[in-house]
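Novice: So that we are looking at the same thing, I have put the structure below in structure tokens.
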Amino acid sequence: MLSTRTVVGRDGISLMDVTCRHDRGPGRATEYSGGHTLVFVRRGCFVRSADGVEALLDPTVAFCMNPGEEERYDHPHAHGDDCTALTLEPGLAAALLGGDPALPAGPLRTSPEIDLEHRLLLAAGARGADEHEMAERAIALAACALERAAPGRVEAGRPATARARTALADGAREALAADPDRSLPELARALSASPHHLSRVFRSLTGHTISRHRMRLRVRAAMERLAGGERDLARLAADLGFADQSHLCRVVRDETGRTPAVLRQALA
């Protein structure tokens, strides 16, 4: 009756496509939540009872699950429902919420922008989008949704001054220059910042995301190797952290407007 497909799972966050085909009627008497999870309803309608408190859930809201909650799902209509679930490791949940991993109780009203983004994330995952980019977007989505319910807690990780924001972005750039494969949560821990606020500050100061910056560093490293006469594109892709040769070629072409073969000839 319930099926789950993981779209992306890395950097402390899992994005899952959840399908329920429960018939009309009450759910199981007792279920227990297993993790810190933010759930967006895409289709359908159901009633969730968590620790005795009921909430009607439809595609205009999201809801949170915390470990150990006693819950029940009742279905007023047939045909089931579809949801998008973001499960956060405790450390990431705590980083997003000012030190306490407990997610807010009750339904979270979702704006049109938030609703669209969780649907776009699923579509990007189906197309095989870069996992670093997917994780960064998923963390931003979770922070934006949680900020509507607990603005003070999410705000707690924000750098307070222009100098602090510049230092934060520069620290991320310095770390990525040494190791472009460092994830957003790893960078945030090293810089003592919330992953969401690091991502937001970085974009506001550089004009692009951390995942895009990472790709630009890789493309520049690829061009340096091509200028030196590198001919094995599969080896180049593996050495620089691309998924495969076709990923290398696609990203290089997107960034420069030229294929690696054309760049080799132009730069050599």
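Novice: Could you grab me the full set of residues in segment 184-194 that are open to solvent by less than 10 Å² (accessible area, probe 1.4 Å) and either at pLDDT below 90 or assigned to a loop (DSSP other than H, G, I, E, B) (or both)?
Specialist: Passing the criteria: only Ser194.
Novice: Do any residues in segment 1-30 that are farther than 15 Å from His118 by Cβ have Cβ atoms under 6 Å from those of residues that are among the aromatic types (Phe, Trp, Tyr), where the two are at least six apart or on different chains, and which pairs are they?
Specialist: Gly27/Tyr73
Okay, residues lined up against (1) surrounded by fewer than 19 Cβ atoms within 10 Å (Cβ to Cβ); (2) more than 19 Å from Thr4 (Cα to Cα):
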site	(1), (2)
Leu86	no, no
Pro112	yes, yes
Ile139	no, yes
Arg163	yes, yes
Ala169	no, yes
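Novice: Quick test of your reading of the structure: Leu57 fulfils all but one of (1) open to solvent by 30 Å² or more (accessible area, probe 1.4 Å); (2) touching a strand residue (DSSP E or B) at 6+ places or on another chain (Cβ under 7 Å). Name the failing condition by number.
Specialist: Status for Leu57: all satisfied but (1).
Novice: Related question: Select, from Pro101, Pro107, Pro59, Pro76, the only residue that is touching a residue at least 24 places away in the same chain (Cβ under 8 Å) and under 11 Å from Thr37 (Cα atoms). Lay out the reasoning, then the answer.
Specialist: Numbers: Pro107 fails: under 11 Å from Thr37 (Cα atoms); Pro59 fails: under 11 Å from Thr37 (Cα atoms); Pro76 fails: under 11 Å from Thr37 (Cα atoms).
Every option except Pro101 fails the conditions.
Novice: Within segment 208-220, which residues are open to solvent by less than 40 Å² (accessible area, probe 1.4 Å), touching a residue at least 40 places away in the same chain (Cβ under 8 Å) and of a type in the set (A, V, I, L, M, F, W, C)?
Specialist: Step one: list which residues in segment 208-220 are open to solvent by less than 40 Å² (accessible area, probe 1.4 Å), which gives 208-211, 213-215, 218-219.
Still in the list and also touching a residue at least 40 places away in the same chain (Cβ under 8 Å): 209-211, 213-215.
Passing the criteria: Ile210, Met215.
Novice: Which members of segment 121-137 meet the condition of being on the phi > 0 side of the Ramachandran plot and open to solvent by less than 10 Å² (accessible area, probe 1.4 Å)?
Specialist: Within segment 121-137, the subset on the phi > 0 side of the Ramachandran plot is 128.
If the condition is that a residue be on the phi > 0 side of the Ramachandran plot and open to solvent by less than 10 Å² (accessible area, probe 1.4 Å), then no residue fits.
Conditions tested, residue by residue: (1) at pLDDT below 90; (2) of a type outside the set (D, E, K, R); (3) surrounded by fewer than 12 Cβ atoms within 10 Å (Cβ to Cβ).
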site: Thr6; (1), (2), (3): no, yes, no
site: Arg10; (1), (2), (3): yes, no, no
site: Cys20; (1), (2), (3): yes, yes, no
site: Asp23; (1), (2), (3): yes, no, yes
site: Val41; (1), (2), (3): no, yes, no
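The values are calculated or read from the model by the stated rules, or taken from the named source; none is laboratory data. Please read all numbers here as calculations on a predicted model, not as lab measurements. Quick reminder, even Gly has a Cβ in these numbers, built from the backbone with ideal geometry, and neighbours come from all protein chains shown. Heavy atoms of the whole protein, side chains included, go into the accessibility calculation; ligands, DNA and RNA do not. Shrake-Rupley method; radii C 1.70, N 1.55, O 1.52, S 1.80 Å.
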